[in-house]
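Here is the structure we will look at.
Taken together, the values in this text are just the output of simple stated rules run on the coordinates, not laboratory data. On a predicted model such as this, the values are computed, not experimentally measured, just so you know. Glycine also receives a Cβ, built like all others from the backbone with ideal geometry; neighbour counts cover every protein chain displayed.
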Amino acid sequence: MILRALGLMSGTSLDGLDICFAQFEKQDHWSFQILKAETIPYPKIWKDRLRNSIHLSSEELLELNTDYGFYLGQAVQRFIESNQLKNIDVIASHGHTVFHQPQRKFTLQIGDGRAIKIETGLPVIYDFRTQDVLMGGNGAPLVPIGDELLFSQYDACLNLGGFSNISLKSNNKRIAFDIVPVNIILNQLVQKFGKDYDENGELAKEGKINDQLLSHLSSLHFYRLPHPKSLGIEWCNENIFPSFQNIEDLDLLATFTEHIAQQISQVINDNQLKNILFTGGGTHNTYLIEKIKAKTKGEIVIPEKVIIDYKEALIFAFMGILRCNNEINVLSSATGSFKNHSSGIIA
Ligand SMILES: Nc1ncnc2c1ncn2[C@@H]1O[C@H](COP(=O)(O)OP(=O)(O)OP(=O)(O)O)[C@@H](O)[C@H]1O
Ligand SMILES: CC(=O)N[C@H]1[C@@H]2OC[C@@H](O2)[C@@H](O)[C@@H]1O[C@H](C)C(=O)O
């Protein structure tokens, strides 16, 4: 049986809405094919509205939830029409994360799925994280189910986004954890040069590594903690940015790029990973990738661009398909909930 789904993903960097249209087939195991994928850049108004969402009153937030749902619905309807897509079984929408406090048992991804259904007339699955949080889990990471069922040929899958995270098999269980902040720091450092990101690590290449800062960064407690563990901007504000005083910007870039490469290669080497799939925007940073390759014995697999840029949206599309079949789409070994489950509200 062949099933086709549209996955919608709004990443932490607010560059735009990732849409991935893919088909999935289950024989003895699941396989996929990406048919069309696109990032729709957010207009300034939407970037501002989403960035400001944490400061809204309850009423304003409810209004944003509705407005953003219709925005998503219209964006995906335009995508369907302009690409003349047919035979779509389901739309799976991650939404935009506003709050995420699993310890207090709530997480909020806005963008009402019912509005997407009204705009498109298609079945929609949304709100993938809440059920896991209610079941004692962290509501994240969810992507490991896709790593397990669609990318099992790799020892591990590593994402280089705002933060770097990895999922891998350990004692027959898929575990996942954050490794080190990546673009959330690099992007901030290059702002002084009037850039959004350090293209191919060109600026980092020009700087000199500051050994004292490098050894301070390596000594941070987080890196010695066992999994599961995750990082957030609050951790960077407390532990990373204050150590950047009185050091040249180019040297900071060089040192932090080296730090990222060291932490990632240590995880690869410690877990004796033989082949690791790299995805997420940071995979385009050739200088960073060269550094990681130089420090590891494992094979760093760089897939085609569409997988680098759309793997998360692809996996959300896949989670939608699993949900339609009432199959498990969240792994408790990755999120910490009390059992595997099939999550997402069906609009
Ligand atoms: N050629 C390049 N050189 C260096 N960095 C790049 C390049 N292309 C993209 N990037 C980095 O990738 C980032 C976008 O990555 P991605 O879309 O995976 O982030 P995200 O979706 O916000 O992350 P997350 O998975 O944390 O939500 C850019 O902000 C930039 O830092
Ligand atoms: C709450 C939330 O939106 N978390 C995101 C975020 O962006 C990256 C990281 O933090 C990851 O844990 C998660 O998304 C990915 C897609 C996941 O759940 O696997």
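Of all DSSP beta bridges confined to the chain, the antiparallel ones make up roughly 75%.
In this label model, residue 245 and residue 86 are separated by 6.6 nm, measuring between points 7 Å along each Cα→Cβ vector. Taken about its Cα centre, region 119-224 carries a charge dipole of roughly 360 debye when the Cβ of each Lys and Arg holds +1 and the Cβ of each Asp and Glu holds -1.
Note on residue 205 and residue 227: the extension gain reaches 4.7 nm, defined as 0.36 nm multiplied by sequence separation minus the Cα-Cα distance. Measure out, as a whole number of angstrom, how far apart the alpha-carbon centroids of region 196-271 and region 304-347 sit. Each part reduced to its Cα centre gives a spacing of 30 Å. Dipole magnitude for region 146-306: about 540 debye, using +1 per Lys or Arg Cβ and -1 per Asp or Glu Cβ, origin at the Cα centre. Rounded to two decimals, the Cα radius of gyration of the chain over 2.2 N^0.38 Å is 0.98. For region 77-88, putting each phi into the Karplus relation 6.51 cos²θ - 1.76 cosθ + 1.60 with θ = phi - 60° gives couplings of 5, 4, 4, 5, 5, 5, 9, 6, 6, 10, 6, 8 Hz, in residue order, rounded to whole numbers and with x for Gly and Pro. Fully extending the segment from residue 235 to residue 339 would add 34.6 nm, taking 0.36 nm per residue of separation and subtracting the current Cα-Cα distance.
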